[in-house]
1. For residues in segment 165-176 being charged (D, E, K, R) and in contact (Cβ under 8 Å) with a residue 60 or more places away in the chain, which is surrounded by the most Cβ atoms within 10 Å (Cβ to Cβ)?
2. Pull up segment 177-208, narrow it to residues that are crowded, with 17+ Cβ neighbours inside 10 Å and of a type in the set (Lys, Arg), then point me to the one that is modelled with the lowest pLDDT.
3. Wholly within segment 435-519, which strands (runs of 3 or more DSSP E) include no fewer than the required count, namely at least 3 residues that are at pLDDT below 90?
4. Against the condition out of contact with any Leu (no Cβ under 8 Å at 6 or more places or on another chain), in a loop (DSSP other than H, G, I, E, B) and surrounded by fewer than 20 Cβ atoms within 10 Å (Cβ to Cβ), how does ASP9 come out, does it pass?
5. Quick check on ARG406: is it among the charged types (D, E, K, R), modelled with pLDDT of 90 or more, closer than 30 Å to LEU164 by Cα and surrounded by 24 or more Cβ atoms within 10 Å (Cβ to Cβ)?
6. List, please: which pairs have Cβ atoms under 6 Å, are six or more places apart or on different chains, and start with a residue in segment 14-42 that is basic (Lys, Arg) and end with one that is part of a strand (DSSP E or B) and buried (at least 16 other Cβ atoms within 10 Å of the Cβ)?
7. Take PRO347 and tell me if it is farther than 30 Å from ASN162 by Cα and either touching a Leu at 6+ places or on another chain (Cβ under 8 Å) or part of a loop (DSSP other than H, G, I, E, B) (or both).
8. Give the residue, chosen from ASP300, ASP237, ASP291, ASP255, that is crowded, with 24+ Cβ neighbours inside 10 Å and among the charged types (D, E, K, R).
Amino acid sequence: MSSVSTALDIPASAQRALDLHLLVRDALVAGRRSVSLPPGDHVVSGRLLAERQMWISNNDSGVKPILFDLAGAEDFTLEGRGARILVEGVLIPLVIERARNIVVRDLAIDWVRPAFTEARVEAHVPGGFEFSTAQGADTFVVQAGRLVAAGGGDWPSAHLYNVLAFDSAKREPLARSHESWQLERTHRATALGGGRFRLEADFSALPPVGGPVVFMHGDRVAPAVVLDRSDQVELQDLAIHHALGMGVIAQACRDLTWRRIRVVPSGNRLFSTWVDAVHAVDCGGRLSILDCEFRGMFDDGANLHGAHRRVAGWPAPDRVLVEAMHHQQVGVLYSRAGDLLHFAALPSLDTVAEARVTDVRVVNSRFQELTLDRPMPDLAGRLLAIRRHEPEQITEVRGCVVGPNRGRALLLTMPGKIFVEGNRFHSSGNAIEIPPDASYWWESGAVDEVLVTKNVFDACGYAMCGRHLLVVHGPNGDRPLHGRVSFVDNEVRLAGGGLVQARRLSKLEFRGNRFARHPDYPWLPEATPIEIDGVTDTDIEAPPAFVSDSR
């Protein structure tokens, strides 16, 4: 391995990152089938690493340094041997792109200076509160009245998105607490000396005096693991303690197994990843999430979905020009030869035609031209939903623990068969949500068959960001959008709220579930237990009367 002269002004973390990067690169170049990392802690930074443009769905794209780059690898195993990667600044620890038959196991990832800061509320003041941090004055600086995180390196430390109150005993977002997402625009900060600060803003409610709060800085600039257009990838026994974005993001991949991935706080921290623990976009074949643990993240446990593209034009009867709509979908090459496309009408999202992709041409970061296996009618002005709904497509979430976290447990908008079985959920928001969208995130799509069974739902929706066990969304339309959704034989401990909201389903099953009232959470205001609209067939077992008790 090469190294950089110590006479240069190069931090040890940059040299260590280069050494590890070359260890893996040289193994790939030599055609080896595996490589093992040196065990122990490795503090790394990206100053000496090669950079390249990364287009990453639902995260912030851009030029990124990459520690372990497995682009183009085949039949390769990365053995972590318990190594712990401690990142300084912006760096993507692991990228698997256009690869096949890859195994990564026994590796931990964390950040030295996370993009969250824990503090203690000392007092309420007009329009805000005063707080202190255990790290003292070195945690923040105040610049022109703005609160700036210190020690973040090159991540956007001047951003301040949210301050979330936590329950110190339960180590989770405080029940019925309010979120403050406009701090970036409205806050005013004052340094009071001795590691104490004042924060004034347009708070909807103030966090309790004496309690912990977590400040959310940074942005979605560096997920821990990125999988892109890769097949047969197994991630096994990974511990992801923090990331400047998502823990794992996979896009346009097939046949993925995520086994015993633990996205959990490290040490005494209250938090883990900046947003979702794991996330998959337009992934086909079989997606298996097995025996994982996701807690402490500031968004969902798993969000598994497709992505809508707007049909911008028809260069030929068998060629369609499609456009990425959300800025975090720009540049991402979701379409692959062999994909089955559904053309869906706005606003109903009803399918009006199907075709299969035979070729993909990139026009630029926003537009792609897709060649189809048949001529199509001119459907300009409609949406293009990329859906791999082959009979063998299976998504399974089994044996996992999700929560506590700020957000929902699972978002599921994948075609084929989805199995959610034998898990334990404790999310501050809705537990299971099926949210096809064609207005903001542009996340598809309709589900064909979902079975939620033999799970434990423990006070899900106990906070104020969603209060149901199951929510199935659907825009207005005259016929069912989704297929069959079954919520059966689950154990539920309720903290109030509702049970089910469902729209435009062919069939809804809700039966065999066992209910108890949770003793450790304040009862949320009354909500209608089950609300359905446009559901063709139902098999609903009446919930117990106390569900709508407003006490």
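The values are calculated or read from the model by the stated rules, or taken from the named source; none is laboratory data. Quick caveat, the model's predicted, so the values are computed rather than measured. Glycine also receives a Cβ, built like all others from the backbone with ideal geometry; neighbour counts cover every protein chain displayed.
1. Among them, the one singled out is GLU172.
2. Step by step, filter segment 177-208, then rank; the result is ARG196.
3. Fully inside segment 435-519 and qualifying: nothing.
4. yes
5. Judged against the criteria, ARG406 is a match.
6. Going by the 6 Å Cβ cut-off, the qualifying pairs are ARG16/HIS42; ARG16/VAL44.
7. Considered against the rule, which asks whether it is farther than 30 Å from ASN162 by Cα and either touching a Leu at 6+ places or on another chain (Cβ under 8 Å) or part of a loop (DSSP other than H, G, I, E, B) (or both), PRO347 comes out as yes.
8. Only one candidate passes the filter, namely ASP300.
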